[in-house]
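The values are calculated or read from the model by the stated rules, or taken from the named source; none is laboratory data. What you see is a predicted model, and the numbers here were worked out from it, not measured in a lab. Here Cβ is always computed from backbone atoms with ideal geometry, including for glycine, and neighbour counts include all displayed protein chains. The protein model used for the area step is the full one, side chains on, heavy atoms only, and it has no ligands, DNA or RNA in it. Shrake-Rupley method; radii C 1.70, N 1.55, O 1.52, S 1.80 Å.
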Amino acid sequence: CWKCGRSIEPDMEQYFCVCGVVQPPLEHRSFFQIFGIKEDFDIDLKYLNEKYRKLQVILHPDKYSQKSDTERGFSERHSSLVNEAYNTLLKPLSRGLYILHLKGEDLEKEVQVETEFLGEIMELNESVIEAEDINALRSIETSTNKIVNNLIDEISHNFKDKNTNSAKENLLKLKYLLNVAEKIQ
Ligand SMILES: [Zn+2]
């Protein structure tokens, strides 16, 4: 502990010393460790949300307005790290990309999707532009969501099978599809 000098176990969930003082963020902690969850593409979103709310309450800088500058500074860093970690882990695309990043991989490196898939995306985009009413858009949205959900399932299997290349390819596909979904919105 920076304040009382007690030694603190490098536990992944330890934010406070037994003396009650907030500890500095450990920079090497992954976003998964911040929430005390296993590094995995499949996560329990309900647990993530609950844990996020809890951490925001105990680490929020407003709670440290009467404390020392050091403690307030630590709480600010914790808070912004917790926010960044939450936003990254919440969505399948950013969560998948983050797992790749932990493995030293990223989408820009040697990954391509089949021309056939790109053709499908082009067609989807055209149908969005040409949709004449809200019902037409809704039906495109339904089929897009279905492909998105199938892809997320596949990505989950890819990570389970440690098939990084397929995970990369499917994450890139997901990125394309989420662009279409955004266009529909
Ligand atoms: Zn202490």
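Within region 40-67, can you find the residues that are of a type in the set (S, T, N, Q) and in a helix (DSSP H, G or I)? Reasoning before the result, please.
Restricting attention to region 40-67, the residues satisfying the condition of being of a type in the set (S, T, N, Q) are 49, 56, 65-66.
Result: Asn49, Gln56.
With respect to the conditions (1) open to solvent by 70 Å² or more (accessible area, probe 1.4 Å); (2) touching a residue at least 24 places away in the same chain (Cβ under 8 Å); (3) away from the ligand (no atom under 16 Å from the Cβ), Phe31 falls short on a single one, namely (1). Selection of region 165-185 for residues being in contact with a helix residue (DSSP H, G or I) (Cβ under 7 Å, 6 or more places away or on another chain) and closer than 22 Å to Glu39 by Cα yields Ser166, Ala167, Lys168, Asn170, Leu171, Leu174, Lys175.
The single condition among (1) modelled with pLDDT under 95; (2) open to solvent by less than 90 Å² (accessible area, probe 1.4 Å) that Ser94 does not meet is (1). Every condition in (1) over 21 Å from Ile37 (Cβ atoms); (2) open to solvent by 70 Å² or more (accessible area, probe 1.4 Å) is met by Lys103 except one, and the failing one is (1).
Would you confirm, using the coordinates I've provided, whether Ser68 is assigned by TED's automatic domain parsing to the domain that holds Ser30 and under 23 Å from the mean Cα position of the chain (by Cα)?
Taking the combined requirement at face value, the residue does not satisfy it.
Scanning region 1-21 for residues that are near the ligand (Cβ under 10 Å from one of its atoms) and either of a type in the set (Phe, Trp, Tyr) or within 25 Å of the chain's Cα centre (by Cα) (or both) turns up Trp2, Phe16.
As a summary of the residue check, Leu45 satisfies the conditions (1) of a type outside the set (Ser, Thr, Tyr); (2) within 16 Å of the ligand (Cβ to nearest atom); (3) loosely packed, with under 15 Cβ neighbours inside 10 Å except for the one numbered (2).
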